[in-house]
1. Restricting to chain B, give me the number of residues that are in a loop (DSSP other than H, G, I, E, B), facing another protein chain (nearest Cβ under 7 Å) and without any contact (Cβ under 8 Å) to a residue 24 or more places away in the chain.
2. How many residues are farther than 23 Å from B:ARG15 by Cα and surrounded by 13 or more Cβ atoms within 10 Å (Cβ to Cβ) if we restrict to the stretch A:1-16?
3. Those residues that are surrounded by fewer than 21 Cβ atoms within 10 Å (Cβ to Cβ), touching a Phe, Trp or Tyr at 6+ places or on another chain (Cβ under 7 Å) and either in a helix (DSSP H, G or I) or of a type in the set (A, V, I, L, M) (or both), I need them from the stretch A:51-77; list them, please.
4. Residues being within 23 Å of A:GLY17 (Cα to Cα) and not in a helix (DSSP H, G or I): count how many of those fall in the stretch A:82-109.
5. Pull up chain B, narrow it to residues that are over 23 Å from A:ASP89 (Cα atoms) and either of a type in the set (Ser, Thr, Tyr) or touching a Lys or Arg at 6+ places or on another chain (Cβ under 7 Å) (or both), then point me to the one that is surrounded by the fewest Cβ atoms within 10 Å (Cβ to Cβ).
6. Can you go through A:ALA54, A:ALA96 and tell me which one is touching a strand residue (DSSP E or B) at 6+ places or on another chain (Cβ under 8 Å) and more than 10 Å from chain B (Cβ to nearest Cβ)?
Amino acid sequence: MDLQNQQRVKDAAEKFGAENIVVILGSSDAEGAEIYAETVTNGDPTFAGPLAGAPLGLAVYHILEPEIKEEADPDVWEDQIGMMEMVLDGEALANAVKGIREKFSKYSL
Amino acid sequence: MGKLEGKKLVLLGERDGVAGPAMEESLKNCGAEVVFSVTECFV
């Protein structure tokens, strides 16, 4: 994950409390989604950025997971995300993020 | 009350996946506040 964005995630967790943050990913591939999810839960796996050694344990979901989709406005969802939902492998993405969440997240919805 | 009600959202979008603004738009009425939203791209 971009180092600047790691810092912003860290700042947000400090400012609002890690228990109040929900990170939602829009990643296109399962491997990338896992790396993002790991970064915001267990810390930066590459040890390059501000989240290195910082296991925030944030709640993390992929936008295509049912828990998130059911919170969205259905018409807007169709307009904004419907097309990518058809193209992306939602099940693989959801399973990838869920796997990391169950392993490292201290919080969930 | 929705599951996201009162939460602070961090939206990490991707150019080749779902972009930040698309997620923001879809979730704007869910009762959560978007703290920040980005769209990363990998070249």
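1. Adding up the residues that qualify gives 6.
2. Within the stretch A:1-16, residues that are farther than 23 Å from B:ARG15 by Cα and surrounded by 13 or more Cβ atoms within 10 Å (Cβ to Cβ) number 3.
3. A:GLU67, A:LYS69 - these are the residues of the stretch A:51-77 that are surrounded by fewer than 21 Cβ atoms within 10 Å (Cβ to Cβ), touching a Phe, Trp or Tyr at 6+ places or on another chain (Cβ under 7 Å) and either in a helix (DSSP H, G or I) or of a type in the set (A, V, I, L, M) (or both).
4. 5
5. B:GLU33
6. The conditions single out A:ALA96.
Residue-by-condition table, conditions (1) charged (D, E, K, R); (2) out of contact with any Leu (no Cβ under 6 Å at 6 or more places or on another chain); (3) more than 7 Å from chain B (Cβ to nearest Cβ):
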position: A:VAL9; (1), (2), (3): no, yes, no
position: A:GLU14; (1), (2), (3): yes, yes, yes
position: A:GLY17; (1), (2), (3): no, yes, yes
position: A:ASN20; (1), (2), (3): no, yes, no
position: A:SER27; (1), (2), (3): no, yes, no
position: A:THR39; (1), (2), (3): no, no, yes
position: A:ASP44; (1), (2), (3): yes, no, yes
position: A:PHE47; (1), (2), (3): no, yes, yes
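FYI, it's all coordinate maths here, none of it is from the lab. Everything numeric in this text was worked out from a predicted model, so none of it was measured. Positions of Cβ are generated from backbone atoms using ideal geometry, with glycine treated the same way; all protein chains shown enter the neighbour counts.
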